[in-house]
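Enquirer: Questions regarding the structure given below will be posed in turn.
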Amino acid sequence: MNPNFDSIAVANHPGVSPTGLRIAVNMLMGKQVDTTKLGGVNGLSFVIPLAAVITSENLDEGLAMCEGKPDAFLLDDIMTDEEVQQFFK
């Protein structure tokens, strides 16, 4: 309706929770966190990659990722245990 409207969508996906659980289980198992792999404002956060960032430049690609999916479909991602190991020594 407004061709000059520009926006960005960043998927804050539900996969953050199971990824956090994988990190917590590793910590409870006694694995040592590699603090050089932490980030965020205070340098003490596990920074988990976004599942998707959709802008006007890649909107067609984002729409293609959702093609044929139900209306409630989410661009989601869960880090594998192998990927989570990057945070540990």
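The values are calculated or read from the model by the stated rules, or taken from the named source; none is laboratory data. Source: prediction; values computed, not measured. Neighbour counts are summed over all protein chains in view; Cβ atoms, including those assigned to glycine, are modelled from backbone coordinates with ideal geometry. SASA here: full protein model, heavy atoms, side chains in, ligands and nucleic acids out. Shrake-Rupley method; radii C 1.70, N 1.55, O 1.52, S 1.80 Å.
Enquirer: Only one residue in Asp71, Asp76, Asp60, Asp6 is at pLDDT below 90, among the charged types (D, E, K, R), over 15 Å from the mean Cα position of the chain (by Cα) and not in a strand (DSSP E or B). Which one?
Expert: Asp6
Enquirer: Further, regarding this structure: Is one or more of the residues making up region 58-66 in contact with a helix residue (DSSP H, G or I) (Cβ under 9 Å, 6 or more places away or on another chain) and either under 15 Å from Gln85 (Cα atoms) or touching a residue at least 40 places away in the same chain (Cβ under 8 Å) (or both)?
Expert: no
Enquirer: Could you check region 21-35 and list, in sequence order, the residues that are without any contact (Cβ under 8 Å) to a residue 40 or more places away in the chain, open to solvent by less than 50 Å² (accessible area, probe 1.4 Å) and among the β-branched types (Val, Ile, Thr)?
Expert: Residues satisfying the conditions do not exist here.
Enquirer: Show the residue pairs meeting these rules: Cβ distance below 9 Å; 6+ apart or different chains; first residue within region 36-57 and within 18 Å of Phe87 (Cβ to Cβ) and open to solvent by 50 Å² or more (accessible area, probe 1.4 Å); second residue among the polar types (S, T, N, Q) and part of a loop (DSSP other than H, G, I, E, B).
Expert: Hits for this filter: Leu50/Asn12.
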